[in-house]
2 protein chains.
Amino acid sequence: MNDDWPRDPNPFSAACPSRIIFDHIADKWTMLTLCTLAMKPIRFNELKREVEGISQKMLSQTLKKLERDGLITRQAFPTVPVTVEYAITPLGQTLSCVAANIAAWTTNHIAEVLAAQERYDRQNLDGPAFQGIK
Amino acid sequence: MNDDWPRDPNPFSAACPSRIIFDHIADKWTMLTLCTLAMKPIRFNELKREVEGISQKMLSQTLKKLERDGLITRQAFPTVPVTVEYAITPLGQTLSCVAANIAAWTTNHIAEVLAAQERYDRQNLDGPAFQGIK
DNA sequence: CAGGATCCTTTACGATACTG
DNA sequence: CAGTATCGTAAAGGATCCTG
């Protein structure tokens with residue numbers, strides 16, 4: 001049915017460096033945090049409020065990782081008490097754009113996915129149900 | 001349709017449906033498996049060989065999830081022993097293209113990221129060191 | 001060949017308490 | 001305010017054995 005349109009080799013092959021970064025950004029909070037920072041520079045606790053549901057530990061951890069990767073910057077001001085502002089870098093911006101593509105895909109296709117899930121679940125309620133010795 | 005989109009607000013906000021799918025595809029194997037399937041239809045064990053490092057359990061689990069989401073199809077042939085072929089769907093193709101963007105981003109920017117990491121690590125070896133708390 | 005069922009280890013993550 | 005340190009739980013993931 002659907003023919004093989006000639007594609008490049010798997011962009012995520014295990015040896016490939018893609019994996020290194022992908023494994024790295026594909027956790028629960030990284031993209032969310034990055035995209036929040038893409039909107040405007042913001043302080044730690046403010047950010048914690050924006051990124052709903054994140055714990056202080058995960059935020060701190062995520063920010064450190066992002067900073068290390070050069071995707072965001074951290075700037076501390078010697079006020080009392082101290083103020084720290086996080087901001088996205090140009091490099092980080094480019095990644096956040098890619099992340100936006102994923103979000104866009106989801107927005108455009110979520111209906112299809114949900115429909116497929118329902119279809120699948122319906123079939124696996126009638127099917128395995130009567131076979132089901134448990 | 002839905003072009004209430006890529007304006008300002010965070011595309012990954014916790015409430016947003018983006019998260020539902022993103023959390024879902026952002027694990028260690030989903031994208032890799034999908035992209036491998038995007039190249040050509042393929043059988044289970046063959047796939048297991050292609051997706052280097054994946055365990056039988058994770059492959060099985062990942063495939064089931066992808067099928068449920070309507071991103072791939074599973075077709076069993078009554079040969080002896082049984083043959084099962086997995087193939088990507090048109091919907092899955094569109095997602096694998098997005099995934100390819102991530103891979104492309106990595107390829108294009110990995111040097112910058114690695115450089116940033118080195119810079120960061122160097123500073124945090126000299127930095128905290130001479131403050132000598134340790 | 002294509003998986004399911006189990007066990008076990010490792011990791012992620014949250015909650016809490018404390019510090020400059 | 002902006003974190004660090006520690007602990008405990010839950011989930012992810014790998015290894016192994018088993019089956020139609």
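Is the shape of region A:39-93 best called rounded, prolate or oblate, per the rule: a/c under 1.5 gives rounded, else a/b larger than b/c gives prolate, else oblate, with a ≥ b ≥ c the square roots of the Cα gyration tensor eigenvalues? It comes out oblate by the Cα gyration axes.
Charged neighbours of A:LEU91, selected by a Cβ distance under 15 Å, balance to 0 (K, R count +1; D, E count -1).
Which of B:HIS109, B:HIS24 comes first, and how do the rest follow, when ranked by fewest Cβ neighbours within 10 Å?
Numbers: B:HIS109 19, B:HIS24 13.
Neighbour counts put them in this order, fewest first: B:HIS24, B:HIS109.
Take peptide B:73-83, look around each residue's Cβ out to 10 angstrom, count Cβ atoms belonging to other protein chains, and average those counts. Spell out each step's value before the answer.
Working: counts 2, 0, 0, 0, 0, 0, 0, 0, 0, 0, 0.
Across B:73-83, the average partner-chain Cβ count within 10 Å equals 0.
Roughly how far apart, in whole Å, are the Cα centres of region B:46-95 and region A:53-115? Going from one Cα centre to the other spans 32 Å.
Determine the shielding of peptide B:22-33 by partner chains: average, over its residues, the number of Cβ atoms on other chains within 10 angstrom of each Cβ.
Details: counts 9, 4, 2, 4, 9, 3, 4, 1, 2, 7, 10, 2.
The per-residue average across the peptide is 5.
For A:GLN123 and A:SER55, the difference between the fully extended length at 0.36 nm per residue and the C-alpha to C-alpha distance is 20.6 nm. Taking a temperature of 25 °C and a viscosity of 0.890 mPa s, what whole-number D in µm²/s does Stokes-Einstein yield for region B:25-134 with Rh from Kirkwood over alpha carbon pairs? Estimated via Stokes-Einstein, D reaches 149 µm²/s.
How do B:100-108, A:47-55, A:77-85 rank on mean C-beta neighbours within 10 Å, highest first? Show your work: numbers first, answer last.
Numbers: B:100-108: 18.1, A:47-55: 16.2, A:77-85: 9.2.
Averaged packing, sorted descending, gives the order B:100-108, A:47-55, A:77-85.
Among the listed pairs A:LYS28/A:LYS64; A:LYS40/A:LYS65; A:LYS40/B:LYS65; A:LYS65/B:LYS64; A:LYS64/B:LYS28, a Cα-Cα separation exceeding 27 Å is found for A:LYS40/B:LYS65; A:LYS65/B:LYS64.
Values in this text are rule-based calculations from the coordinates and carry no lab data. Since the structure is predicted, the reported quantities are computational estimates derived from the model, not experimental observations. Because the Cβ atoms are built from the backbone with ideal geometry, glycine has one as well, and the counts that use them run over all protein chains shown.
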